[in-house]
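**Q** Right, I'll just put the structure down here and ask away after.
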Amino acid sequence: EGLFDLNDLLMTHEIQPADKKDQHFANMMDKAENRYFPVFEKVCFERHHGKDFLVGNQLSRADIQLLEILIMAEEFKPDIFAKFPLLQSFKAKLGNIPTIKKFLQPGSQRKPATRPEEVPDVMKIF
């Protein structure tokens, strides 16, 4: 659930009203750095869990979901992983899987950030 909660915060930042954007950003970064990332670092990646990925020794949707969240968070705040070496390692490890590495290259199909002129259309949908 933590993955989805943080994902929602990150995904909805671009559609926040201008007068709430700064507060949303501060709340989002506070929760990422002080609530979610410490838990992910401790529970998911402590070496004693003995697995290569979040769920066993095979890449899963959970790994991809966390990778996407880490990428989005880093786009908002490039130094966000300074206190989270295991999350940094996880991101690097997954980022070096050949198909993922190719996908993350500039010019790939990864969806760009929402442009300001798109926000009214997004708000109509929600």
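**Q** For segment 57-69, indicate whether the set of residues that are out of contact with any helix residue (DSSP H, G or I) (no Cβ under 7 Å at 6 or more places or on another chain) and at positive phi is non-empty.
**A** no
**Q** Against the conditions (1) part of a loop (DSSP other than H, G, I, E, B); (2) among the small types (Gly, Ala, Ser); (3) modelled with pLDDT of 85 or more, where does Gly56 fall short? Just the number, please.
**A** Checking Gly56 against (1) part of a loop (DSSP other than H, G, I, E, B); (2) among the small types (Gly, Ala, Ser); (3) modelled with pLDDT of 85 or more, the one that fails is (3).
**Q** Related question: Would you mind finding the one in Pro78, Pro38 that is open to solvent by 50 Å² or more (accessible area, probe 1.4 Å) and at pLDDT 90 or above?
**A** Details: Pro38 fails: open to solvent by 50 Å² or more (accessible area, probe 1.4 Å).
Within the list Pro78, Pro38, the selection yields Pro78.
**Q** Restricting segment 63-84 to residues that are part of a helix (DSSP H, G or I) and without any contact (Cβ under 8 Å) to a residue 40 or more places away in the chain, which is farthest from Phe53 (Cα to Cα)? Before the answer, list the steps.
**A** Quick first cut of segment 63-84, residues part of a helix (DSSP H, G or I) only: 63-76.
From what's left, without any contact (Cβ under 8 Å) to a residue 40 or more places away in the chain: 63-64, 67, 70-71, 74-75.
On the way: Asp63: 7, Ile64: 10, Leu67: 11, Leu70: 15, Ile71: 17, Glu74: 20, Glu75: 23 Å.
Per the criteria, the residue is Glu75.
The values are calculated or read from the model by the stated rules, or taken from the named source; none is laboratory data. Keep in mind that what you see is a predicted model, and the values were worked out from it rather than measured. For neighbour counting, all protein chains shown are included, and Cβ atoms are generated from backbone atoms with ideal geometry for every residue, glycine included. To get the accessible areas, we keep the full protein, side chains included, count just its heavy atoms, and leave off ligands, DNA and RNA. Shrake-Rupley method; radii C 1.70, N 1.55, O 1.52, S 1.80 Å.
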